[in-house]
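Data first, discussion second: the structure below is written as structure tokens.
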Amino acid sequence: MVSVLPGAGRRLLWASLCAAASLVPLTATAVPAAAARALPPPVRPEDAPDHLTVVVRHAGAGRDGTYEVSCHPAAGRHPDAAGACRLLDEHTRWGRDPFAPVPSGTTCTMLYGGPATARVTGIWAGRPVDATYDRSNGCEIGRWDRMVPLLPKPGGPV
């Protein structure tokens, strides 16, 4: 067999292979390869499942309460978990917060939509969520309505 590496190259390759082999643990506490494949990968914060808690007050009979919704797959104690997940997926865009408040300085109509309030907390798309909603003016009403069916439609069907 003819070597294509000069003597110095062979020695460098051999030293590199020996150094790499020395990094492999040979102790009795090492996890066997079969067991290592059986362990799940570590959980990163961005891999946490999408799970939200929605607390609704003063929205009307049958609408007030605490709702849990998990997505991917849709589940939880929410009247329309699949619809809520579908809505959130449609509103989720890179660089945009689907739960963002109305920007300060926005001109809003002085329209009162009722006493309903909601708070949404949890994890969505790997990010923490802590958003509050009300229907105190036209902008807030629009913001609430964009989140139906995650939030109930006040006065509408449950």
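The values are calculated or read from the model by the stated rules, or taken from the named source; none is laboratory data. Note that the structure is predicted; figures quoted are calculated from it, not measured. Note: ideal-geometry Cβ built from the backbone for every residue, glycine included; neighbour counts use all protein chains shown. When the accessible area is computed, the model is the full protein with side chains, heavy atoms only, and any ligands, DNA or RNA have been set aside. Shrake-Rupley method; radii C 1.70, N 1.55, O 1.52, S 1.80 Å.
A few comments on the model shown:
- Comparison of ASP130, ASP134 shows that the only residue that is touching a helix residue (DSSP H, G or I) at 6+ places or on another chain (Cβ under 6 Å) and open to solvent by 40 Å² or more (accessible area, probe 1.4 Å) is ASP134.
- Lone qualifier among THR106, THR132, THR66 - being assigned to a strand (DSSP E or B), more than 19 Å from PRO49 (Cβ to Cβ) and not basic (Lys, Arg): THR132
- From the list ASP50, ASP97, the lone residue that is modelled with pLDDT under 95 and open to solvent by less than 30 Å² (accessible area, probe 1.4 Å) is ASP50.
- Answer from ASP145, ASP130 - the residue that is closer than 21 Å to ALA61 by Cα and modelled with pLDDT of 95 or more: ASP145
- Residues of segment 67-86 satisfying the condition of being open to solvent by less than 30 Å² (accessible area, probe 1.4 Å) and over 13 Å from PRO152 (Cα atoms): VAL69, CYS71, CYS85
- Odd one out for PRO157, checked against (1) closer than 22 Å to GLY60 by Cα; (2) at pLDDT 95 or above: (2)
- In this entry, GLY113 is excluded by the filter for residues that are at positive phi, open to solvent by less than 40 Å² (accessible area, probe 1.4 Å) and assigned to a loop (DSSP other than H, G, I, E, B).
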